[in-house]
Structures are given as structure tokens and as C-alpha cells.
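The values are calculated or read from the model by the stated rules, or taken from the named source; none is laboratory data. Every value quoted in this text rests on a predicted model; they were computed, and no experiment measured them. Quick reminder, even Gly has a Cβ in these numbers, built from the backbone with ideal geometry, and neighbours come from all protein chains shown.
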Amino acid sequence: MIRNISIPFSFAHLFQTLWTAAFRPKYKKNLQYISAGLLGATALSLSKAHAIYAPGSALDNTYTIGQYFLYLFPMSLHFGWTTAATLVNLNGALVANPDVSSKAIAFIGHSSVVVATALGVYVTNIRSAPVYGAVIAWALFAVRDGMIKRMDMLLKKNDASVKDSREYKDAKNQKLLSRIGGWICASASAFITVKSFQGK
């Protein structure tokens with residue numbers, strides 16, 4: 001197992017290190033996609049390592065509880081975080097680019113929530129990895145909270161037409177999608193947790 005996991009795990013560290021070098025304010029516009037790509041490569045490498053550790057159940061009989069929390073738990077946690085962070089970085093790069101339309105930003109934002117939800121449910125189910133799904137759910141709920149703050153900020157402008165503006169409607173839709181996606185991933189995580197313990 002150590003031999004099989006060494007290469008993807010090492011690449012995950014390499015890409016994460018390169019991401020820290022690329023994720024800087026001085027890299028603007030299209031250069032921001034480099035950091036998003038490096039973070040995506042980190043998530044992909046961790047996915048390959050995670051698949052080796054979690055071929056079936058996250059609480060499989062081959063693991064003791066101590067081994068699970070020492071090895072698989074932190075890897076699932078970081079894999080989930082880099083997945084969500086990749087999508088956040090991608091959206092951040094789009095928002096920071098003045099050449100990208102607000103319609104395109106909204107579309108990518110909504111699509112990112114759908115992709116995150118699909119990945120959260122799929123990986124949680126196929127690998128019996130409830131921690132991964134829980135991290136994605138946490139990230140989606142954080143996006144929802146961010147949209148609530150954005151909507152409140154827009155309302156403080158005291159403009160009667162703000163609720164009819166594209167920006168407000170896009171934020172409202174993003175909030176709704178994030179809340180639904182968060183609950184879907186949280187439910188998948190809870191289901192797999194119960195199922196894993198019942199199988200013990």
C-alpha cells in the first residue's frame with residue numbers, strides 16, 4: 001500500500017507547494033488560472049492516493065479506528081478541501097477578470113455548485129468516504145453564507161430596483177443551489193456513515 005500510494009501522494013505535495021507559490025496577488029487575470037490548475041492537480045493526485053486507501057468502506061475491517069483517523073481521515077479531509085478550493089479558485093479567477101461577463105460568471109458559479117455536489121455524492125458513495133462528502137457540504141454551506149452577505153450588501157444600497165437586478169438574482173440562485181447541494185452532500189455523508197457502522 002505504501003509503495004502504491006507514494007507516487008500520487010508525492011505529486012499532491014509537489015502541486016500543493018507550487019500552488020502556494022502561484023497563489024499571490026501579483027499574479028492577475030489569466031495568470032490566476034495557473035494557481036487554480038495547480039490546486040486541481042493537487043486534488044486529482046489526492047484522489048488517486050485516496051482511492052488506494054479507500055477501495056471500499058472508509059471503516060473497512062482492514063482498518064482499526066485508530067488507523068482510520070490517523071491515515072484515511074486527514075486524507076479525505078484534505079482531498080475534499082482541495083476539490084472545493086479548486087472550484088473556488090476558478091471562480092475567483094473569473095470574477096477578477098474584467099473581460100468576463102457577469103452572465104458567464106453566474107453560469108460558472110452555478111455549474112461549480114452542481115459539479116461539487118455531484119462529486120461529493122459520487123466519491124462519498126463509491127468509496128464509502130463520509131468525510132469527503134461532509135467537507136464538500138461544509139464548503140457549499142460556506143458559499144451559501146457568502147451569498148447571504150452579498151445580498152445584504154446589495155440591499156444596503158437602498159435601491160428599490162436592486163432585487164430585480166441580475167446581480168441580486170444571481171446571488172439568490174447561487175445561495176439556493178448551494179443550500180440544496182450542501183444538504184444533499186450532508187445527507188449522503190450521513191447515510192454512508194450509518195451504513196459503514198452497520199456493516200461492522
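Does Val131 satisfy the condition of being assigned to a helix (DSSP H, G or I), closer than 28 Å to Val194 by Cα and in contact (Cβ under 8 Å) with a residue 60 or more places away in the chain?
Spelling it out, Val131 is indeed assigned to a helix (DSSP H, G or I), closer than 28 Å to Val194 by Cα and in contact (Cβ under 8 Å) with a residue 60 or more places away in the chain.
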When Val100 is run through (1) hydrophobic (A, V, I, L, M, F, W, C); (2) farther than 27 Å from Ser196 by Cβ; (3) in a helix (DSSP H, G or I); (4) out of contact with any Lys or Arg (no Cβ under 9 Å at 6 or more places or on another chain), the failure sits at (3)
Note on the stretch 1-31: residues under 20 Å from the mean Cα position of the chain (by Cα) and under 12 Å from His50 (Cα atoms) are Pro8, Phe9, Ala12
Of Ala137, Ala93, Ala41, the only residue that is at pLDDT 90 or above and over 30 Å from Phe197 (Cα atoms) is Ala41
Scanning the stretch 149-200 for residues that are within 27 Å of Tyr132 (Cβ to Cβ), crowded, with 17+ Cβ neighbours inside 10 Å, out of contact with any Ser or Thr (no Cβ under 8 Å at 6 or more places or on another chain) and hydroxyl-bearing (Ser, Thr, Tyr) gives Ser178, Thr193
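Taking the stretch 152-174, which residues are of a type in the set (D, E, K, R) and closer than 18 Å to Lys103 by Cβ?
Across the stretch 152-174, the qualifying residues are Asp164, Arg166, Glu167, Lys169, Asp170, Lys172.
Select from the stretch 98-157 the residues that are of a type in the set (S, T, N, Q) and within 26 Å of Tyr71 (Cβ to Cβ) and list them in ascending order.
Thr124, Asn125, Ser128
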- Condition test on Tyr63, is it at pLDDT below 90, surrounded by 15 or more Cβ atoms within 10 Å (Cβ to Cβ), over 21 Å from the mean Cα position of the chain (by Cα) and not in a loop (DSSP other than H, G, I, E, B)? no
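Yes/no per residue for (1) more than 27 Å from Ser6 (Cβ to Cβ); (2) within 14 Å of the chain's Cα centre (by Cα); (3) modelled with pLDDT of 95 or more; (4) buried (at least 18 other Cβ atoms within 10 Å of the Cβ):
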site: Tyr71; (1), (2), (3), (4): no, no, no, no
site: Trp81; (1), (2), (3), (4): no, yes, yes, yes
site: Ser101; (1), (2), (3), (4): yes, no, no, no
site: Ala129; (1), (2), (3), (4): no, no, no, yes
Please verify whether Gln16 is among the polar types (S, T, N, Q), modelled with pLDDT under 90, surrounded by fewer than 20 Cβ atoms within 10 Å (Cβ to Cβ) and part of a helix (DSSP H, G or I), treating the condition exactly as stated.
no
Screening Ser35, Ser45, Ser10, Ser6 for residues that are within 20 Å of Pro130 (Cα to Cα) and part of a helix (DSSP H, G or I) leaves only Ser45
